[in-house]
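Structure first, then comments.
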Amino acid sequence: QVNVLDKNFLSPISSDWRAAYEYYLVDSSEVANGDWYYQIEFEPKRKQDLVFTGVMWISSRKNALVKIDATISKEANLNFIERIKIQQELEQVQDVFFPMKNRIVIDVSEISNNSPGLLLKFTNYNSEVKIDAPQEVAFFRSTIELSDNFDKSDATYWQKVRPEPFNA
């Protein structure tokens with residue numbers, strides 16, 4: 001289950017997938033070192049179910065999900081939400097496939113005739129992931145501290161430290 005806005009959606013990679021999804025093998029391609037990625041589309045058996053529509057890529061060598069692009073449509077009946085799109089790219093860190101890039105787009109409809117809708121975009125990147133590296137409890141209680149010169153960096157600095165180039 002994937003909890004989205006306090007509703008549980010059945011994941012397309014859940015063990016209960018047969019009850020809610022139809023799958024279609026779309027393509028296969030060799031990516032590197034004899035590893036093949038299988039592109040699989042998935043769609044709900046019933047549009048009113050709390051499920052996703054989209055496409056995923058599975059590594060044949062690693063038997064793992066490496067990328068997914070999933071959408072929740074208006075038929076899911078989330079108040080004021082037209083669509084939610086979730087994209088993840090996963091990479092192997094030791095024996096675990098970890099989401100390294102996450103993008104979420106939420107299309108909020110007009111709440112009234114006089115108000116515009118919204119398009120909300122969230123992106124996060126993970127790097128230098130450590131598995132089996134426990135932290136003390138105090139580590140999770142620490143607050144974010146801003147350095148004295150946090151607002152003194154120019155645009156070139158941000159272009160250098162971004163994990164992906166910024167496109168306006």
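Here are a few things to note about the model shown:
- Max mean-square fluctuation residue, GNM over the chain, Cα-Cα springs under 10 Å, options VAL51, VAL66, VAL93: VAL93
- Rg over Rh [alpha-carbon atoms, Kirkwood Rh] for region 34-81: 1.13
- The chain: relative contact order in percent, alpha carbon pairs under 8 Å with at least 6 residues between: 11 percent
- Of all aspartates and glutamates in the structure, those lying under 12 Å Cα to Cα from LYS45, and not within fewer than 8 positions of it along the same chain, are GLU22.
- With q set to 0.15, 0.17, 0.18 Å⁻¹, the log10 of I(q)/I(0) for the chain, from the Debye formula over equal scatterers at the Cα positions, is -1.10, -1.22, -1.27.
- Taking Cβ atoms as reference points and 15 Å as the exclusive limit, the residues near VAL96 contribute a net charge of -3, counting Lys and Arg as +1 and Asp and Glu as -1.
- For region 80-149, alpha-carbon Rg and Dmax in angstrom: 18.4, 52
- Charged-residue dipole, Cβ positions (Lys, Arg, Asp, Glu), region 60-101 about Cα centre, Debye nearest 20: 80 debye
- Carbon-plus-sulfur accessible fraction, the chain (probe radius 1.4 Å, protein heavy atoms only): 50%.
- Geometric descriptor of region 111-168, per residue, is 232 Å³ (volume of the convex hull of the Cα atoms).
- Highest mobility in the GNM of the chain, judged by mean-square fluctuation with C-alpha springs under 10 Å and restricted to ALA20, ALA138, ALA76, is found for ALA138.
- Under 15 Å, Cβ to Cβ, from LEU119 - net charge with Lys/Arg +1 and Asp/Glu -1: +2
- Rounded to the nearest 20, the size of the Cβ-charge dipole of region 21-83 about its Cα centre is 180 debye, with Lys and Arg at +1 and Asp and Glu at -1.
- Student exercise, the chain dipole from Lys, Arg, Asp, Glu Cβ charges, in Debye to nearest 20: 240 debye
- Residue-normalised accessible area of the chain, expressed per residue, 1.4 Å probe, Å²: 75 Å²
- Applying both filters, DSSP loop and at most 16 other Cβ atoms within 10 Å, to the chymotrypsin sites (Phe, Trp or Tyr not before Pro) of region 87-168 gives PHE150, PHE166.
- Considering all C-alpha pairs of region 1-72, those separated by over 18 Å amount to 40%.
- Region 109-130 and region 14-59 have Cα centres separated by 25 Å.
The values are calculated or read from the model by the stated rules, or taken from the named source; none is laboratory data. A quick note: this is a predicted structure, and the numbers were derived from the prediction, not measured. FYI the Cβ positions are ideal-geometry reconstructions off the backbone, even for glycines, and counts take in every protein chain you see. All accessible areas refer to the heavy atoms of the entire protein, side chains included, with ligands and DNA or RNA removed. Shrake-Rupley method; radii C 1.70, N 1.55, O 1.52, S 1.80 Å.
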